[in-house]
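Everything on this sheet refers to the single structure shown next.
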Amino acid sequence: MSNHSELEIKTYYNKLAEDYDNNRFNNSYGQYLDQQERDFLNRILKTIPPEQCMDLGCGTGRLLDYAHYGVDFSPEMLKVAKAKYPNKDLLEGRLTEIPIANHRLNAIYSFHVIMHQDHATTIQFLNEAHQKLKSKGQLIFDFPSAKRRQVVKHQQENWHAGHQMTLSEIEKIAGTQWKLIASQGFLFFPIHRIPKRLRPLFRSLDNLFCRSFLKEYASYLVVVLEKQSSL
């Protein structure tokens with residue numbers, strides 16, 4: 001990612017920080033996505049204590065329940081997170097420069113971050129995370145599904161959520177350093193557009209489809225990569 005793009009993204013989130021939680025997650029769309037993400041993390045991280053986890057791109061701390069360490073490149077977003085979680089280690093850093101010792105963590109998760117990057121930065125992120133995780137450590141991140149966007153003819157004009165991929169592309173860039181051990185979709189249906197009385201039914205169907213062979217046609221994909229030991 002160019003320095004210009006990184007500066008643009010940081011400025012965007014610095015300005016948004018104070019009202020981010022209310023604007024993004026105090027609505028039916030945001031609340032539903034938040035619940036899907038929490039359900040996923042509850043399942044994947046159930047045996048890993050927060051002291052061994054990092055939320056990379058933690059923003060205002062929405063998902064810091066699962067991690068002791070939080071990293072973000074927006075000082076204004078971190079300021080909000082620190083007010084919520086004064087006893088956690090929250091640091092300014094980047095995807096490609098994670099401020100923690102090598103081989104320190106059992107899990108790193110990063111939500112709503114890779115979608116704003118480019119392919120080269122994503123590969124750098126994988127290499128950096130590989131250094132920070134212990135053997136068999138898990139790297140969890142989400143991104144827009146390329147197959148879904150092909151179906152709905154999505155046109156992206158700028159950096160915001162512009163980085164779409166397929167599971168096969170993830171496996172390709174993972175190479176021999178990582179093993180893809182889990183994946184699922186988020187938001188198969190536009191839940192926020194469905195009448196409230198019908199949502200319970202669609203939630204069940206949404207979760208079913210997001211874990212099925214149709215998962216790549218959900219709006220977003222989340223993957224779990226397991227660190228493989230260097231040869």
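Laid out as a table, the results:
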read-out: Enumeration of residues in the range 73-87 that are open to solvent by 10 Å² or more (accessible area, probe 1.4 Å) and either more than 14 Å from MET54 (Cβ to Cβ) or in contact with a strand residue (DSSP E or B) (Cβ under 6 Å, 6 or more places away or on another chain) (or both); value: PHE73, PRO75, GLU76, LYS79, VAL80, LYS82, ALA83, LYS84, PRO86, ASN87
read-out: Residues satisfying the stated conditions in the range 60-72, i.e. open to solvent by 30 Å² or more (accessible area, probe 1.4 Å) and in contact with a helix residue (DSSP H, G or I) (Cβ under 6 Å, 6 or more places away or on another chain); value: TYR66, HIS68
read-out: Some residue of the range 94-102 being buried (at least 22 other Cβ atoms within 10 Å of the Cβ), part of a loop (DSSP other than H, G, I, E, B), modelled with pLDDT of 95 or more and small (Gly, Ala, Ser); value: no
read-out: Complete set of residues in the range 184-229 that are hydroxyl-bearing (Ser, Thr, Tyr) and touching a residue at least 12 places away in the same chain (Cβ under 8 Å); value: TYR217, SER219, TYR220, SER229
read-out: Qualifying helices (runs of 4 or more DSSP H) (wholly inside the range 1-81; at least 3 residues being among the aliphatic types (A, V, I, L, M)); value: 3-16, 28-44
read-out: Some residue of the range 37-53 being within 15 Å of the chain's Cα centre (by Cα), under 21 Å from GLU92 (Cβ atoms) and either in contact (Cβ under 8 Å) with a residue 40 or more places away in the chain or crowded, with 21+ Cβ neighbours inside 10 Å (or both); value: yes
read-out: Test set (1) modelled with pLDDT of 95 or more; (2) open to solvent by less than 30 Å² (accessible area, probe 1.4 Å) - HIS163 fails condition number; value: (1)
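Conditions tested, residue by residue: (1) buried (at least 16 other Cβ atoms within 10 Å of the Cβ); (2) modelled with pLDDT under 90; (3) in a loop (DSSP other than H, G, I, E, B); (4) of a type in the set (Gly, Ala, Ser).
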| residue | (1), (2), (3), (4) |
| --- | --- |
| HIS112 | yes, no, yes, no |
| MET115 | yes, yes, no, no |
| GLN138 | yes, no, no, no |
| VAL151 | no, yes, no, no |
| ILE170 | yes, no, no, no |
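The values are calculated or read from the model by the stated rules, or taken from the named source; none is laboratory data. Everything quoted here is computed from the prediction, not taken from an experiment. With ideal geometry, Cβ positions are generated from the backbone for all residues, glycine too; neighbour counts draw on all protein chains shown. For the accessible areas, the whole protein counts, side chains as well, though only heavy atoms, and no ligand, DNA or RNA atoms are used. Shrake-Rupley method; radii C 1.70, N 1.55, O 1.52, S 1.80 Å.
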